[in-house]
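The values are calculated or read from the model by the stated rules, or taken from the named source; none is laboratory data. In this text the structure is predicted, and so the values were computed from the model without any measurement. Cβ coordinates were reconstructed from backbone atoms using ideal geometry, including for glycine residues, and neighbour counts include every protein chain displayed. Accessible surface is based on the protein model in full, side chains and every heavy atom, while ligands, DNA and RNA are left aside. Shrake-Rupley method; radii C 1.70, N 1.55, O 1.52, S 1.80 Å.
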Amino acid sequence: MKIDGSGNPSVMPAVGRNAPRGTSHSVRTACRYCPGSCGMIATVGEDGRLASLVADREHPLTQGFSCARGLQSAEAMYHPGRILRPLKRTPDGFVEVGLEQALDDIAARLRTILDESGGEAVGVFKGTQTWKNVTAHHTMLAWPRAIGSTRVFTTITIDQSAKQVTMRRMGFWDAGKDRLGDSDVQMIVGGNPFVSVAVANLTYDPVKRLKAALKRGMRLIVVDPRLTETARAADLHLQVRPGEDPTLVAGLLRVVLERGWYDAAFCTEYVGPDRMAALRSAVEPFTLHRVADRTGVDPGLIERAAEMFAREARRGIATAGTGPSMAPRSNLADHLVECLNVVCGRYPRAGDRVTNPGVQNPRRAFRAEVVPADREWERGPFTSTGHGSLFGELMSGVLADEILRTDPGRLRALFVNGGNPAVALPDQTKAVSALKRLDLLVAVEPFMTPTAALCDYVLPPTLQFERADTVSSPHYEPLLEVPFAQYVTGVVRPPVGSEVVDDWYVYWALARRLGVGLTVAGVDLDMERAPSSEDLLAIILRNSHVPLERIRSHPGGHVFDVEPAEVLARRPEAVAQFDVMPPDVAQELGEVAAECTRPVSSGTDDFPFRLTVRRLRGMMNSLGLLQPGVRRRHPYNAAYLNPVDMETLGIENGAGIEIEADNGGRIPAIAEAEPGLRPGCVSMSHCWGGLPEDRLSYVDVGSSTNLLVRTDDVVERINAMPRMTSIPVRVRARAAQTDAV
Ligand SMILES: Nc1nc2c(c(=O)[nH]1)N[C@H]1C(S)=C(S)[C@@H](COP(=O)(O)OP(=O)(O)OC[C@H]3O[C@@H](n4cnc5c(=O)[nH]c(N)nc54)[C@H](O)[C@@H]3O)O[C@H]1N2
Ligand SMILES: Nc1nc2c(c(=O)[nH]1)N[C@H]1C(S)=C(S)[C@@H](COP(=O)(O)OP(=O)(O)OC[C@H]3O[C@@H](n4cnc5c(=O)[nH]c(N)nc54)[C@H](O)[C@@H]3O)O[C@H]1N2
Ligand code: SF4
Ligand SMILES: [Mo]
């Protein structure tokens, strides 16, 4: 529903409704910037504005955990740069326009595009800030269907879609994976949950939960070129060369299989002798000394990690973060990591308790079965580049190609929701030229980001503490170990004089103007009268195991006393097994084994360094870039280097440098010493910098590592995932620090 800051909001604050006007009051709520789901207490001032946010210590899930980027989100709400009224591009720049007028204009332009080119000419890009916005998430899926488009792009396919590729080419366990609470070991390959709050089973309250697990004896193995915040807490840290996870994990598998440290009974039932033999023979070339040579990890440490993970532990998983998922051969790396879980049988078995049978989703059976591989991408729909889809999404690595096509099938209109593709997509120069080529670019976006600056229309949304939601989102529920849910209402109204909308309304209003129906979560919406956001939530949760009314009756969130569930035995007809070494995976691993003894990742003389990804504590991708509080902590995206490398290069701490990649891209940066980083690496965060042509100062906006990411080479065949880490680069000192990007 449309919300006018001065009028009648569809979202009334729960406490505000009862509280007399002009008094200060507090509301229990939760942050939705990331999967962390942190409980917070919001204090609303006498002026009706959000005065402060503090972590909610009584919160049953997160118990006082929160992070700076969530706590500082009030700064974003009242930031002078927040867009409060819809903007329309004119030859003289952006002008404010009424919401319904903007929607009329957009619908008219869409009608022409749809008439001329059909539904497939219109696409969506769903960014990170749509994932935890339940009504937006569902409507963004419904909207393309309504207009006959399969052009759905999201951040997943430029993130860790290797996980989806693994699921759909190996098959996956119906009852999920071992939970942290039951684990006696965990291996994290290239993820840093202490900062990112985003690694598989560590998506909420990660520090306390991991430390508690370690205290009760669980052991932690971290594989990362950096001695990360998480690695510091680990029992073992394997400081791998970036890009060498396939070799390292193949080496671990070889040790586990050769020493007999795997779960033979599980493998007999769920893998079978032929596939076990194929796995054994594929990892055979990865002997300890070869693996050690190539990965730069001590052979004793590799053996010890295999022993700790497989022999000394019964439960607990290996999981990959963005490190291996953004490196070359990302799908192979993820597949091998999952093979460790398979051979060690790290899945809940028949009779085990299901710790979270679900609150917001309908009750389902959890079985000790393999859901068979189905290679969805081989069935289409396809892009012109020949890439198929993954969980119903096309590959964002080729989004720019779809726009730049010269045939009539090109993508002509794009709706961006809660994302910033102008800085997030690989090969920024190409991505930006593609976005400019669109006949219609619309962003539902609160700030004048590089993407918004390219738009024909920018429609400002309500921000998280102004809208109703459930936490965690129903689609994130499987990541919670307990049956928790929280309903949150808007804590405050949008600023007076604003004309902002709950994101979903944009798509409902456009569908209505185009005369098409929207079917959200299986329900045909009334296209005459807009539902309220609460109505829409109720529709989405209509089959929830715990009724929405009960969820709502616990404003601070609740762990529900749902009927216990246990993992059911395998059904006789469920004969699928894990496809641990299908021919394409075997072939790729064979290529790795055949590569020259010199590790590909050790660099060439021309590009001796490897640029690696990392997350910064205060930022959420590009979110926070405009906030002074965030920028005090992260004035720019520094390039972290090992001090020994800095000395060799004659670079002082804080000195300006230039980083040049093998695609010819060059970016400025400021060097910062990080003794815990593996020598030979440059560790730098993403989504900074403006538009390439703006030539903005590095100290003002940082620089975009996506200028160094290529889409013409080193790209995954199935999911078009580019190489975003382990990029060959050279580094040199630079005269001035303030040079343009
Ligand atoms: N503070 C903060 N939190 C965030 C975000 C943010 O921007 N800031 N972004 C959110 C998003 S969108 C995501 S997807 C998640 C990501 O969550 P994570 O995957 O945990 O991301 P990182 O913290 O960058 O951890 C990646 C680690 O991989 C290491 N690495 C780099 N290259 C390689 C390699 O080739 N091999 C191995 N083994 N390791 C490598 C890096 O040194 C780094 O420590 O975080 C989310 N949370
Ligand atoms: N080189 C390189 N590239 C990368 C990565 C990398 O590590 N290296 N990481 C990749 C990954 S993992 C990801 S997830 C993507 C991130 O890709 P994106 O999701 O496209 O980027 P974000 O910066 O997270 O964009 C979030 C946008 O939402 C806006 N926003 C904030 N609050 C709200 C709200 O309440 N409603 C709405 N509608 N919008 C809001 C913000 O202003 C911001 O513009 O980048 C990818 N690109
Ligand atoms: S950004 Fe994530 S970790 Fe930080 S407070 Fe919000 S939900 Fe919690
Ligand atoms: Mo991400």
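Compute for the stretch 601-733: radius of gyration divided by Kirkwood radius, i.e. Rg/Rh, restricted to C-alpha atoms, rounded to two decimals.
0.95
Bin width 5 Å, alpha-carbon pairs only: give the P(r) of the stretch 177-347 as whole percents, running from 0 to the bin holding the largest distance.
The calculated distribution, bin by bin, is 1, 10, 19, 24, 22, 15, 7, 2, 0.
Given H placed on each backbone N at 1.01 Å, which residues far from VAL354 in sequence or on other chains put an amide H within less than 5 Å of it?
Residues meeting the criterion, in which the H sits 1.01 Å from N, are ALA565, GLU566, VAL567.
For the chain, with only Lys/Arg (+1) and Asp/Glu (-1) charged at the beta-carbon, what is the dipole magnitude about the Cα centre, in debye rounded to 20?
On the way: 84 positive and 89 negative charges, 244 e Å.
Using Cβ point charges on Lys, Arg, Asp and Glu, the chain gives about 1180 debye.
Sort the following peptides by mean Cβ neighbour count (other Cβ atoms within 10 Å, averaged over residues), highest first: 247-254, 491-498, 386-393. Intermediate results must be reported in sequence, preceding the final value.
Working: 247-254: 27.5, 491-498: 19.9, 386-393: 17.2.
Sorting 247-254, 491-498, 386-393 by mean packing, highest first, produces 247-254, 491-498, 386-393.
If I take R0 = 51 Å and measure r between the Cβ atoms of LEU568 and THR112 in this structure, what FRET efficiency does the formula 1/(1 + (r/R0)^6) give, to the nearest 0.05?
0.40
Measuring from label point to label point, each 7 Å out along Cα→Cβ, what is the GLU528 to THR268 span in nm?
Inter-label distance under the simple model: 6.7 nm.
Sorting check: for 432-443, 545-556, which peptide has the highest mean count of neighbouring beta carbons within 10 Å, and how do the rest follow?
On the way: 432-443: 21.3, 545-556: 16.5.
Order by mean packing, descending: 432-443, 545-556.
In the chain, with Lys and Arg counted as +1 and Asp and Glu as -1 at Cβ, which of these residues, PHE578, ALA365, LEU623, has the Cα nearest the positive end of the dipole, that is, farthest along it?
Most positive-ward Cα: ALA365.
If you count only protein heavy atoms with a 1.4 Å probe, what accessible area per residue comes out for the chain, rounded to a whole Å²?
36 Å²
When the scattering of the stretch 380-454 is computed by the Debye formula from its Cα atoms alone, each counted once and equally, what is log10 I(q)/I(0) at q = 0.13, 0.16, 0.18 Å⁻¹?
Taken in order of the listed q values, log10 I(q)/I(0) reads -0.37, -0.57, -0.71.
Tell me, what HN-Hα J-couplings in whole Hz come from the Karplus equation 6.51 cos²θ - 1.76 cosθ + 1.60 at θ = phi - 60° for each residue of the stretch 359-364, using x for Gly and Pro?
Each residue of the stretch 359-364 in turn: 10, 8, 9, x, 5, 9 Hz.
Just to be sure I understand the model, the point goes 7 Å from the Cα along the line to the Cβ. What's the resulting THR23 to ARG379 distance in nm?
5.8 nm
Residue by residue through the stretch 39-44, which ³J(HN,Hα) values in whole Hz follow from phi under the Karplus form 6.51 cos²θ - 1.76 cosθ + 1.60 (θ = phi - 60°), with glycine and proline marked x?
Once rounded to whole Hz, the list reads x, 9, 10, 9, 9, 9.
At a probe radius of 1.4 Å, what is the per-residue accessible area of ARG85, in Å² to the nearest 10?
80 Å²
What is the gain in length, in nm to one decimal, between GLU312 and THR519 on full extension, counting 0.36 nm per residue of separation less the C-alpha to C-alpha distance?
Working: separation 207, 0.36 × 207 = 74.52 nm, distance 5.07 nm.
Net length gain for the segment: 69.5 nm.
What accessible area, in Å² to the nearest ten, does a 1.4 Å probe give for ARG410?
Approximately 40 Å² of ARG410 is accessible to the 1.4 Å probe.
Search the structure for amide H atoms under 5 Å from the amide H of HIS59, placed 1.01 Å from N in the peptide plane, and list their residues when 5 or more places away or on another chain.
When sequence neighbours closer than 5 places are left aside, the close amide H contacts are GLY64.
If the chain between ALA233 and LYS208 were fully stretched, how many nm would it gain, using 0.36 nm times the residue separation less the Cα-Cα distance?
Details: separation 25, 0.36 × 25 = 9.00 nm, distance 1.16 nm.
Going from the current span to full extension adds 7.8 nm.
Looking at the chain only, what percent of DSSP beta bridges run antiparallel? Nearest 5 please.
Values: 51 of 87 bridges.
Among the beta bridges of the chain, antiparallel pairing accounts for roughly 60 percent.
Could you go through the stretch 520-534 in sequence order and give the Karplus-derived ³J(HN,Hα) for each residue, using 6.51 cos²θ - 1.76 cosθ + 1.60 with θ = phi - 60°, rounded to whole Hz, and x for Gly and Pro?
Going residue by residue, I get 9, 6, x, 10, 6, 6, 5, 9, 9, 10, 5, x, 7, 4, 5 Hz, with x marking Gly and Pro.
Can you list residues whose amide H is under 5 Å from SER472's amide H, if they're 5+ apart or on another chain and H is modeled 1.01 Å from N?
Correct list: GLN486.
Which of the peptides 536-542, 692-698 is most tightly packed, and how do the rest follow, going by the mean number of other Cβ atoms within 10 Å of each residue? Don't jump to the answer; show the numbers that get you there.
Values: 536-542: 20.6, 692-698: 16.1.
Listed from highest to lowest mean packing, they are 536-542, 692-698.
Whenever you get a sec, compute what percent of the accessible area on the stretch 177-347 sits on carbon and sulfur atoms (1.4 Å probe).
Values: 2590 of 5220 Å².
The value for the stretch 177-347 is 50 percent carbon and sulfur by accessible area.
Using 0.36 nm per residue, how much length does the chain from GLU652 to ASN543 gain when fully extended, once their Cα-Cα distance is taken away?
Values: separation 109, 0.36 × 109 = 39.24 nm, distance 6.00 nm.
Result for the pair: 33.2 nm of gain on full extension.
Hey, what number do you get for the chain at 222 nm if only DSSP H runs of n ≥ 4 count, each worth -39500 (n - 2.57), divided across all residues, to the nearest 500? It would help to have the intermediate numbers written out before the result.
Details: 27 runs with 218 residues, N = 741.
Theoretical 222 nm ellipticity from helices: -8000 deg cm²/dmol.
Going 7 Å from the Cα of ARG405 along its beta-carbon direction, which residues of the stretch 375-393 have the amide nitrogen within less than 14 Å of the resulting point?
Backbone N within reach: 380-389.
For ARG617 and VAL496, FRET efficiency with R0 = 30 Å and r from the beta-carbon atoms, rounded to 0.05?
Numbers: r = 33 Å, r/R0 = 1.11.
About 0.35, to the nearest 0.05.
Viscosity 1.002 mPa s, temperature 20 °C: what is the translational diffusion coefficient of the chain from Stokes-Einstein with a Kirkwood Rh over Cα pairs, rounded to a whole number of µm²/s?
On the way: Rh = 26.6 Å.
Using the Kirkwood radius from Cα pairs, D works out to 81 µm²/s.
Within the chain, what is the number of lysine pairs with alpha carbons under 27 Å apart, leaving out pairs fewer than eight places apart on the same chain?
20
Alpha carbon centre of the stretch 36-71 versus the stretch 103-170: separation in Å?
31 Å
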